[in-house]
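Engineer: Before I ask anything, let me first share the structure, which is written out below as structure tokens.
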Amino acid sequence: MNDSVSRNGLKLSDILVTVLVAVLFAIVYNFVWLPYEAIKPLGLHLEQLVYGVWFMAAVVAYLIVPKAGIALLAEFAAGAGETIVMGKFDIPTFVFAFLQGLACELVFMLFKYRSRTVMVSILAGVAAAIISLPIEYYYGYMSEVAGWNVLLYIIFRLISGVLISGLLSYYIVKSLDQTGVTKLFRSTSQADYDSL
């Protein structure tokens, strides 16, 4: 990773790109409720396999603009945008968005904001999935789940963190990188592309 990318402070263009990503995901987050609720009646918590979509803003934004604060800003802004699109002020959405963004941010910080590898994306997705579970319990969502299948609920949530938030986010940004779109948003070198 090019050191100049990770060491420079946030520029206005970084914030604007992050907000754009957040707005797009705020809209996506609202549409995901449809398949999520449609899958629920099938039982066995299969809906948890799509839950990782709600962690994607942080991962995608960071992969585009790999700088400190981007993941937290993107996820929180996407959560705030989701409440605007829903047309109601929803405190739990803000809590989820903030903590999920923070979990991703901590993973990226662990790698000093220099890694955009698939493994880092997956770790961020898993971290967001893990932090979402105690929040679910606090707000009573998991208390509705029968004791025998809480483990299934957790496993599917983690799988979604890996596959949807981690892998899908990574391949979306890799595709954007290959088209050259992300060149507009960050300075890149051949080593950056090779690191993907």
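Engineer: Cα atoms only, the range 1-81: Rg and Dmax in Å?
Structural biologist: In order Rg, Dmax, the Cα atoms of the range 1-81 give 15.2, 50 Å.
Engineer: Expressed as a whole percentage, what fraction of the accessible surface of the range 55-118 belongs to carbon and sulfur atoms when a 1.4 Å probe is rolled over the protein heavy atoms? Can you show the working numbers first?
Structural biologist: Values: 1800 of 2330 Å².
It is 77 percent, rounded to a whole number.
Engineer: Let me ask something additional. Using only alpha carbon pairs under 8 Å that are at least six residues apart, calculate the relative contact order of the chain and give it in whole percent.
Structural biologist: After rounding, I find 30 percent.
Engineer: When the expected Rg is taken as 2.2 N^0.38 Å, what fraction or multiple of it is the alpha-carbon Rg of the range 113-155?
Structural biologist: Expressed relative to 2.2 N^0.38 Å, the Cα Rg reads 1.49.
Engineer: To continue, here is another question. Could you work out the helix-only [θ] at 222 nm for the chain, with each DSSP H run of four or more residues adding -39,500 (n - 2.57) and the total divided by the number of residues, to the nearest 500 deg cm²/dmol? Provide the component values of the computation, followed by the final result.
Structural biologist: Numbers: 9 runs with 128 residues, N = 196.
That calculation yields -21000 deg cm²/dmol at 222 nm.
Engineer: Each residue of the range 160-176 in order: what ³J(HN,Hα) in whole Hz does its phi give by Karplus 6.51 cos²θ - 1.76 cosθ + 1.60, θ = phi - 60°, with x for Gly and Pro?
Structural biologist: 5, x, 6, 6, 7, 5, x, 5, 4, 4, 4, 6, 4, 5, 4, 5, 5
Engineer: Residues of the chain: accessible area per residue at 1.4 Å, in Å²?
Structural biologist: 48
Engineer: Let me ask you something else. Can you put SER13, SER165 in order of accessible area, largest first, using a 1.4 Å probe?
Structural biologist: Values: SER13 60, SER165 0 Å².
Highest to lowest solvent-accessible surface, that is SER13, SER165.
Engineer: Could you tell me which chymotrypsin sites (Phe, Trp or Tyr not before Pro) in the range 81-140 are loop residues by DSSP with no more than 15 other beta carbons within 10 angstrom of their beta carbon?
Structural biologist: Numbers: sites: PHE89, PHE94, PHE96, PHE98, PHE108, PHE111, TYR113, TYR137, TYR138, TYR139; in loops: PHE89, PHE111, TYR113, TYR139.
When the chymotrypsin sites (Phe, Trp or Tyr not before Pro) of the range 81-140 are filtered for loop state and at most 15 Cβ neighbours within 10 Å, PHE89, TYR139 remain.
Engineer: Go ahead and run the numbers for FRET between LEU12 and THR117, Cβ-Cβ distance against an R0 of 30 Å, rounding to 0.05. If you can, show how the numbers build up before the last one.
Structural biologist: Details: r = 28 Å, r/R0 = 0.93.
Efficiency, from the Cβ-Cβ distance: 0.60.
Engineer: In addition: Could you compute the net charge surrounding PHE76? Neighbours are other residues with a C-beta less than 13 Å from the C-beta of PHE76; K and R count +1, D and E count -1.
Structural biologist: Neighbour charge sum, excluding PHE76 itself: -3.
Engineer: Okay, moving on. I'd like the Karplus ³J(HN,Hα) series for the range 120-127: coefficients 6.51, -1.76, 1.60, θ = phi - 60°, whole numbers in Hz, and an x wherever there's a Gly or Pro.
Structural biologist: Once rounded to whole Hz, the list reads 5, 4, 5, 4, 5, x, 5, 4.
Engineer: Apply the Debye scattering formula to the range 54-96, with a single equal point scatterer on each alpha-carbon and no solvent, then give log10 I(q)/I(0) at q = 0.17, 0.27, 0.28 Å⁻¹.
Structural biologist: -0.44, -0.86, -0.90
The values are calculated or read from the model by the stated rules, or taken from the named source; none is laboratory data. Keep in mind that what you see is a predicted model, and the values were worked out from it rather than measured. All Cβ positions, glycine included, derive from the backbone under ideal geometry; neighbour counts span all protein chains shown. The protein model used for the area step is the full one, side chains on, heavy atoms only, and it has no ligands, DNA or RNA in it. Shrake-Rupley method; radii C 1.70, N 1.55, O 1.52, S 1.80 Å.
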